[in-house]
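S.K.: This is the structure, below, for whatever I ask next.
The values are calculated or read from the model by the stated rules, or taken from the named source; none is laboratory data. Please read these numbers as outputs of a predicted model, since none were measured by experiment. Reconstructed Cβ throughout: ideal geometry from the backbone, glycine too, with neighbour counts over all protein chains shown. The protein model used for the area step is the full one, side chains on, heavy atoms only, and it has no ligands, DNA or RNA in it. Shrake-Rupley method; radii C 1.70, N 1.55, O 1.52, S 1.80 Å.
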Amino acid sequence: MPSMINTAPESSDTERLIPPLDIAWVRSQFPSLTRAIDGHPAAFLDGPGGTQVPQGVIDAISGYLRENNANTCGAYATSCNTDRIIAEARSAMADFLACDPDEVVFGPNMTTLTFGMSRAIGRELGPGDEILLTHLDHDANISPWRALEERGVKIRFADIHEEDCTLDMEDLASKINSRTKVVAVGYASNAVGTINDVKTVVRLAHEAGALAYIDAVHYAPHGPIDVRDLDCDFLVCSTYKFFGPHMGVLYGKRKHLARLQPYKVRANTNAVPQRWEWGTLNHECIAGITACVDYLAELGIHAGRLWEHVGAGALTRPSLIAPSGTTRRETIQLAYHAIRTHERKLAERMLKGLAQIPGLRLYGIGEVSRLDSRCPTFAVRMEGRTPLELAIRLGERGIFTWDGNYYAINLTERLGVEKDGGFLRIGFVHYNTEEEVDRVLDELSG
Ligand SMILES: Cc1ncc(COP(=O)(O)O)c(C=O)c1O
């Protein structure tokens, strides 16, 4: 069906064209959101470290363990069911990423998958070859590549604009040349929230004949991913950052997954993508991955219904509203429109509030007019208090945040804050509320 979803404008002028988030329905899906700490309602502003999970994910994981716990490829019911459950999760992630199911690789987490893939790519590299990384990235998209220095590969770094923590695209472009074999870049920064222009990075990499490896771990809870549109060679994400279980997922173009040689045990199949999955996987979590994607799809359907209810539905095709005839991919896209609308509201409130707090410094994009270029992930420092002191104080009041470098150690070093405790990171996702924004602002002001 023609994609009205893809073309819906996102500026605030045309907000009525964008489906709203059914926040009451959203929060009712997450049992943990009702927790209290010493009488304070828990505010989970720790999403960048890992999000909460909806009941559907919890049920899928426990249901698998209760009814189908087995290893794969056996000639009996629970094993056959396990094979089917894994295949369903591959299809779910294919809908999530806009690829084919056999381009989806499961692993324990993004870091492990990246070490595995970088080892395989590195087998073909040696002295004279270069890999380009960035100072904005999480170390999981740095150290696995730096490990190839032992083969004589030269590692280079694209710099950032210090004033707003965006990638210096000119510097990046100038460091790509005919010796560049891989450009590994994050889709969004887990520390300061910057969303990078990864489509341009992929194009620049390809023009030089290099592979483009995208770390979408931080971006995934905030925006829709379309690997075909990006044309990236690889993209990695972690389901525990977008409302699923603790697992990692790697997308690879089929031609690369077939041609590159993984380090693997002989008995493992050579089939794609299973040749990239070593040992027994976490089947119960894989069952949870399908439930996590289905949660997002359902969120999209709810957003569509709410949209219709408020009268904007007349502006779009009825099939977007009715589940029948709408694909899971389309409802996921609808969900992300609703998520982005809601997160924008939170981010705008947060930026305006942070600007009023004396002695507070925000690292990253601070202008409301540039919200399209950032996630609602805020890194701050406060005069006279360490990030750890702030995190402890907030934690005592039921507000969960992080302090430190969150493994974005190149960035904290580049900005000179590593030795002083890094940043306090306050991260919102779509289940957070404006009231929670106000609570954290009040606490920081006090
Ligand atoms: C941007 C980013 N990349 C990579 C990782 C590592 O992911 P994993 O824990 O799945 O290895 C993280 C984890 O925080 C992250 O935020």
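Quick grid of which residues meet (1) at pLDDT below 95; (2) among the β-branched types (V, I, T); (3) under 15 Å from L250 (Cβ atoms):
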position	(1), (2), (3)
W25	yes, no, no
Q29	no, no, no
V57	no, yes, no
C99	no, no, yes
E103	no, no, yes
G107	no, no, yes
G116	no, no, yes
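S.K.: Return the pair list, or none, for Cβ contacts closer than 9 Å from residues in the range 233-261 that are outside any strand (DSSP E or B) and aliphatic (A, V, I, L, M) to residues that are open to solvent by 10 Å² or more (accessible area, probe 1.4 Å) and within 11 Å of the ligand (Cβ to nearest atom), at least 6 apart or on different chains.
M.R.: What qualifies is M247/P108; M247/N109; M247/Y240.
S.K.: Restricting the range 214-232 to residues that are in a loop (DSSP other than H, G, I, E, B) and β-branched (V, I, T), which is farthest from the ligand (Cβ to nearest atom)?
M.R.: I225
S.K.: Can you say whether V192 is over 25 Å from A89 (Cβ atoms), modelled with pLDDT of 95 or more and outside any helix (DSSP H, G or I), as far as the supplied structure shows?
M.R.: Yes: the conditions hold for V192.
S.K.: Which one of the conditions (1) in contact (Cβ under 8 Å) with a residue 24 or more places away in the chain; (2) out of contact with any Gly (no Cβ under 6 Å at 6 or more places or on another chain); (3) among the aliphatic types (A, V, I, L, M) does V265 fail to meet, given that it meets all the rest?
M.R.: Unmet condition: (1).
S.K.: With the condition being open to solvent by 20 Å² or more (accessible area, probe 1.4 Å), I'd like the helices (runs of 4 or more DSSP H) fully within the range 70-179 carrying at least 3 qualifying residues.
M.R.: Hits in the range 70-179: 77-97, 110-122, 169-174.
S.K.: Mind telling me which of the residues R370, R393, R361, R439 ends up being away from the ligand (no atom under 15 Å from the Cβ), open to solvent by 30 Å² or more (accessible area, probe 1.4 Å), in contact with a helix residue (DSSP H, G or I) (Cβ under 8 Å, 6 or more places away or on another chain) and more than 26 Å from R146 (Cα to Cα)?
M.R.: Going through R370, R393, R361, R439 in turn, the sole match is R393.
S.K.: Quickly run through the range 192-238 and pick out the residues that are under 15 Å from A158 (Cα atoms), in contact with a helix residue (DSSP H, G or I) (Cβ under 8 Å, 6 or more places away or on another chain) and of a type outside the set (V, I, T).
M.R.: D197, L204, A212, Y213
S.K.: Are any residues in the range 345-358 open to solvent by less than 40 Å² (accessible area, probe 1.4 Å) and touching an Asp or Glu at 6+ places or on another chain (Cβ under 7 Å), and if so, which ones?
M.R.: Matches in the range 345-358: L346 only.
S.K.: Output the residues belonging to the range 180-229 that are at negative phi, open to solvent by 40 Å² or more (accessible area, probe 1.4 Å) and more than 19 Å from the chain's Cα centre (by Cα).
M.R.: Answer for the range 180-229, where residues must be at negative phi, open to solvent by 40 Å² or more (accessible area, probe 1.4 Å) and more than 19 Å from the chain's Cα centre (by Cα): K181, R203, H206, E207.
S.K.: Sticking with this one: Identify, from the list D139, D129, the residue that is over 19 Å from D215 (Cβ atoms) and in contact (Cβ under 8 Å) with a residue 40 or more places away in the chain.
M.R.: After applying the criteria, what remains is D129.
S.K.: Suppose the filter is outside any helix (DSSP H, G or I) and either open to solvent by 50 Å² or more (accessible area, probe 1.4 Å) or away from the ligand (no atom under 16 Å from the Cβ) (or both); does V293 pass it?
M.R.: No; evaluated as a whole, the condition is false for this residue.
S.K.: For the range 327-375, which positions are in contact (Cβ under 8 Å) with a residue 60 or more places away in the chain, among the hydroxyl-bearing types (S, T, Y) and closer than 27 Å to V293 by Cα?
M.R.: T327, Y336, T341, S373
S.K.: Across the range 230-269, which residue is surrounded by the fewest Cβ atoms within 10 Å (Cβ to Cβ) among those that are modelled with pLDDT under 95 and among the polar types (S, T, N, Q)?
M.R.: Looking at the filtered set, the residue picked out is T269.
S.K.: Separate question: Based on this model, can you work out whether D38 counts as more than 16 Å from the ligand (Cβ to nearest atom), of a type outside the set (S, T, N, Q), exposed (fewer than 14 other Cβ atoms within 10 Å of the Cβ) and modelled with pLDDT under 95?
M.R.: yes
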